[in-house]
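Here's the structure we're looking at; comments come further down.
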Amino acid sequence: MWPSCSVNTFAARHALYFAYSGEEALDKFCAGIEPRLRVILSDINMPVMDGLELLRHFKTRRPDLPVMTVTSYGDDEAATPG
């Protein structure tokens, strides 16, 4: 069973950051984000820089950081074994 938690409690302990493109996400990441990131959730299909290229940049800089990539497209070639 999940512990009960109000939205205010969640907001006080966590922060969500959004970026329109992979390039914008990488710029924010490199500029430093506080509180320190604990996980990244990224789309594969984004303008300027796709999520797979973005993943390589994240893993080069923070190999310990969990990154999840998702897509709403049914492209089997985009799936990575994991």
- Message: Quick check: net charge around Ala19, other residues with Cβ under 11 Å of its Cβ, Lys/Arg +1 and Asp/Glu -1?
- Response: -3
- Task: Provide the descending list of Cα extents for segment 16-73 along its principal axes, expressed in whole angstroms.
- Result: 31, 20, 19
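Each value in this text was obtained by applying a stated rule to the coordinates, not by laboratory testing. These figures come from a predicted structure and were not determined experimentally. With ideal geometry, Cβ positions are generated from the backbone for all residues, glycine too; neighbour counts draw on all protein chains shown.
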